[in-house]
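Novice: Take a look at the following structure, please.
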Amino acid sequence: MTSKQSSMSIPGIPDDFFVVKKTGLSQAQALSAYLGGSAFQTVMDNPVTAYRQLVQQYAKDAAGKPVDPKIASQEAKAVFRAHPVSASLSGVGPRLIGVGFKRIPKFGILLGFSFFLGEGENPGFAAATAASILSAPFINPIRMIEKQQRAFFKQTGHTKPILEIMREAAAQRFAPLFRGTIPLMGHSLASALLGLVGQPRLQKYIQKELGDKTSLGRAATGLVASSIVSPIYVVVTNPLSRLEVIMQTSAIAGKPYTVVGAVKEMAADMAAFGMRGVFRGQGIGIAKAVISLTLFHEGRHALQDAFKNHNVANGYLPEE
């Protein structure tokens, strides 16, 4: 729907949601571009996401004692060697479903605040903060299901069915699906501030200072920006990611970890292996962040360009 069709009203959706703004996009098109970029990134980076979870999850041995990060890495690699396809695809279903359940609330709040504040499809820090806090209850159940699917790979050799996870959660009135919500809020905030706000602004600066003076195109400058932002992002979020893994990979029917309990697990890991214990999976996390950020923004930009070209060709842009 375009600005020429904006008289149509849908209950619960602002009247100007489909109206093309001066930025060249409507809120609906901006949201669609974010969701499309997220779906593209989700499919492509899933093997790295799965591997990182296993590296962090295998922090303890069968007796519950912390193991050297090198051993955890070897165990994760052994799972992938034994089950390369199923391990690579593990959790991709919930993650793709989560593009809707997770991203619509997050991107909807993000872009809603952004358009309200006049920032268009390039949100600022206030919009990112609101989106991170308000969207966490929608996002957490999907992340919990995703992690539960991979949690018992070493024991069973296959992903845990979603229906089985839901039945176990239903027995406890679905409360287990919200394990890890508090660390997620911090993780989501860092992700929004650095990935959704910081990376595009840095890329724009790099494009201006470097891209316009060299042969580097948007994809290359995006990769440079992601490579700069990603180490900062991973240093900030890796401990939070560990807390999520600890809280979300324990058996649903068993005793849940509290935030305090998960912090104590990390403290024991640090006591045994120093900062290597706290930052398990950081190397693969940086690689994942570079890949994910670049794929997401390239997919988003491609869709935004297509929408803008369509709006220009059909004369949908508002008059100055």
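Laboratory data are not the source of any read-out in this text; all were calculated from the coordinates shown. Keep in mind that what you see is a predicted model, and the values were worked out from it rather than measured. Methodologically, a virtual Cβ is constructed for each residue, glycine included, from the backbone with ideal geometry; neighbour enumeration extends over all protein chains shown.
Novice: Within 10 Å of each candidate Cβ there may be at most 14 other Cβ atoms; applying that plus a DSSP loop requirement, which trypsin sites (Lys or Arg not before Pro) in the stretch 142-201 survive? Intermediate results must be reported in sequence, preceding the final value.
Specialist: Details: sites: Arg143, Lys147, Arg150, Lys154, Arg167, Arg173, Arg179, Arg201; in loops: Arg173, Arg179.
Qualifying residues, ordered by number: Arg173.
Novice: To the nearest 500 deg cm²/dmol, what mean residue ellipticity at 222 nm is calculated for the chain from DSSP H runs of n ≥ 4 alone, each contributing -39,500 (n - 2.57), summed and divided by the residues? Could you put the intermediate results ahead of the total?
Specialist: Working: 15 runs with 217 residues, N = 320.
Helix-only estimate at 222 nm: -22000 deg cm²/dmol.
Novice: Taking the Cβ-Cβ separation of Arg173 and Lys60 as r and a Förster radius of 35 Å, what is the calculated FRET efficiency to the nearest 0.05? Could the numbers behind the result be given before it?
Specialist: Numbers: r = 29 Å, r/R0 = 0.82.
After rounding to 0.05, the efficiency reads 0.75.
Novice: Please give the FRET efficiency for Lys154 paired with Lys22, using the beta carbon to beta carbon distance and R0 = 41 Å, rounded to the nearest 0.05. Walk me through the numbers before you get to the answer.
Specialist: On the way: r = 54 Å, r/R0 = 1.32.
So, using R0 = 41 Å, E works out to roughly 0.15.
Novice: Name the residues of the stretch 272-290 whose amide N is less than 20 Å from a point 7 angstrom out from the Cα of Ser227 along the C-beta direction?
Specialist: The answer is 282-290.
Novice: Name the residues whose placed amide hydrogens come within less than 5 Å of the amide hydrogen of Lys60, ignoring near sequence neighbours (fewer than 5 apart) on the same chain.
Specialist: HN-HN under 5 Å from Lys60: Val67.
Novice: Want the number for Gln74 to Asp15: 0.36 nm per residue separation, take away the alpha-carbon distance, what's left?
Specialist: 15.8 nm
Novice: Pick from Pro176, Pro14, Pro141: which residue has the top mean-square fluctuation in a GNM of the chain where Cα pairs under 10 Å get a spring?
Specialist: Looking only at Pro176, Pro14, Pro141, the largest GNM fluctuation is found for Pro14.
Novice: Picking from Leu177, Leu163, Leu189, which is most flexible by a Gaussian network model of the chain using Cα springs under 10 Å?
Specialist: Top of the fluctuation ranking is Leu163.
Novice: Expressed as a whole number of Å, what is the distance separating the alpha-carbon centroids of the stretch 277-317 and the stretch 84-150?
Specialist: 14 Å
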